[in-house]
1. Quick one: plug the Kirkwood hydrodynamic radius of region 358-491 (C-alpha pairs) into Stokes-Einstein at 25 °C, 0.890 mPa s, and report D in µm²/s.
2. Could you tell me which of Gly23, Ala235, Ile171 has its Cα farthest along the dipole of the chain towards the positive end, charges placed at Cβ (Lys, Arg +1; Asp, Glu -1), taken about the Cα centre?
3. Would you kindly give the portion of the calculated P(r) for region 300-400 that falls above 17 Å, as a percent of all Cα pairs?
4. Specify whether the C-alpha gyration tensor of region 1-153 places it in the rounded, prolate or oblate class, a ≥ b ≥ c being the square roots of the eigenvalues: rounded for a/c under 1.5, otherwise prolate if a/b is larger than b/c and oblate if not.
5. Which one of Gly38, Pro142, Tyr110 is farthest out on the positive end of the charge dipole of region 1-147, using unit charges on Cβ (Lys, Arg +1; Asp, Glu -1) and the Cα centre as origin?
6. Against the empirical 2.2 N^0.38 Å scaling, what ratio does the C-alpha Rg of region 224-321 come to?
7. Relative contact order of the chain: what whole-number percent is it, with Cα pairs under 8 angstrom and at least 6 residues apart?
8. Region 9-66: D in µm²/s via Stokes-Einstein (Kirkwood Rh, Cα pairs, 10 °C, 1.306 mPa s)?
Amino acid sequence: MQQRVSWNSKLGLILAAAGNAVGLGNILRFPSKAALYGGGAFMVPYFVALVLMGLPLMIIEWVIGRYAGRHGHGSMTGILGLFFNHASWARVLGSIGVAIPLLICMYYIYIESWTLGFAFLSLFGKMPTPVINSDAHEAVKPYVNFFKEYTKPSIMAYFFLVLTLLINWFILQKGIRRGIEITAKIGMPAIIVFGVFLGIICISANNWKGFEGLKFIYNLNFSGITNPVVWVEAAGQIFFTLSLGMGAIAVYASYVNPKEDVIKAGIWTALINEFVEVVIGASIAIPAAFAMFSSVVIPELAQEGTFRLGFMTMPAVFMSFPLGWLISFIWFMLLFLAALTSSLALIQPLIALFEDEMKWGHTKSVSVSMIFVIIGAHFSAFIPNFIDELDFWAGCFMLLLFGLLEIIIFIWIFGMNNFYKELTQNTKIILPKAFFYVVAVVSPFFIFSILYFWVVKDFKNIVFTEEPTKIVARLFILLFLVFLSIIAVKSRKIIMRDIRYTK
Ligand code: MET
């Protein structure tokens, strides 16, 4: 078998994986969810979900990724095939794990392009002049209008979308080592430095009034644990932020050296991600809002969504600071770098599918993958509701479903003994087998309850729609799944031929 490309260094591997996980989810989505669901009340289910689902699944994806990489597969199509003797049905099922990251990327990259656009607009003094007003709505108003004009979409928005797509294309074309790894080696330290800097500014703002925001998030209390919605949101956030349940971690893990200590790598990935989420992410947006406005409006601001907080409230706050343009620039650059290192990871599964399963060359695989991203990004930019539909189906529902499937296949069907043997290969960190027995039962139960809760409570409301744009989005998702399924079945012949040949 052909030697598989691998990461250049251990540090590069960890930074790339951390870049994969650290994204808009940490700095934008997390504070909005925390604020919306009561700060400390949200954090209890959040930490429970982290320990019982997030960490184990992170390790499972690393272990499975290394195992599959050794056999020449990186995409979930190939990985699931590997576990069932390359049966077509398993490859088709695995295609869901390639569809999810791509579908997410189609809107994620459009939001990423806003961050780049807003960074440049801040740098060149083109952001609206701040209105100093303790009434949050008055202060934010100019930025709301500005955002609405920008995302119509304007020519400027389109320009930055094209630029963002080209940047992603360029880096992916350079490959795993010279593209993704180098970007992470520059991007991750920059994210930490920018993040810590902004965190200090926000917490100390207005005579340390920002500190109240941090206290609000860390005022841990159990008032949320009886509310299923809080559990759903907390678990969803864990999946989203750690990039789990969609094969994005496994694909990076498939490029490790077969001797790599994947438990260590998995723990590091989760640790860095959580640092950027619960330390840096918690120290910027909410403290800034607390420092500037009365605390009663915070949940109200969060209610209006992640975009409102990131693209309207935050620039309104930052622009009112001395050297506001610079702080606003740093804020959007932080978001851009975090998003960039994640969007690369969201596209790589499709590239791996073409390279490993279809045996296409790198340039062709990257180009065809990028064409899909470009089409999807245009849909996101021009079709109303497209972003929300993709975010719900791919970014919430399918993630949980696929996470459940991963545990069932990789632990239950592969077998605990096989899994544990693979897990304990080349590692210094010994995780007790009992832990995985608990995980094998508790995590699926956890995910299953969340899905069940949805189906029983809300499914009707979610599924039935007559809104044409929503129907277009759903058809798009379906067509993409069909396309990937066809690839999965067609490429099976190539894989089988290869196996016969090597025998
Ligand atoms: N984990 C990255 C983030 O937090 C990518 C998310 S894709 C579900 O933004």
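The values are calculated or read from the model by the stated rules, or taken from the named source; none is laboratory data. A quick note: this is a predicted structure, and the numbers were derived from the prediction, not measured. Methodologically, a virtual Cβ is constructed for each residue, glycine included, from the backbone with ideal geometry; neighbour enumeration extends over all protein chains shown. Surface accessibility is based on the protein's heavy atoms, side chains included, excluding ligands, DNA and RNA. Shrake-Rupley method; radii C 1.70, N 1.55, O 1.52, S 1.80 Å.
1. 134
2. Ile171
3. Summing the P(r) tail past 17 Å for region 300-400 gives 69 percent.
4. It is prolate, given that a/c is not under 1.5 and a/b is the larger ratio.
5. Tyr110
6. Taking the Cα Rg and dividing by 2.2 N^0.38 Å, one obtains 1.40.
7. After rounding, I find 33 percent.
8. Stokes-Einstein gives a translational diffusion coefficient of 121 µm²/s.
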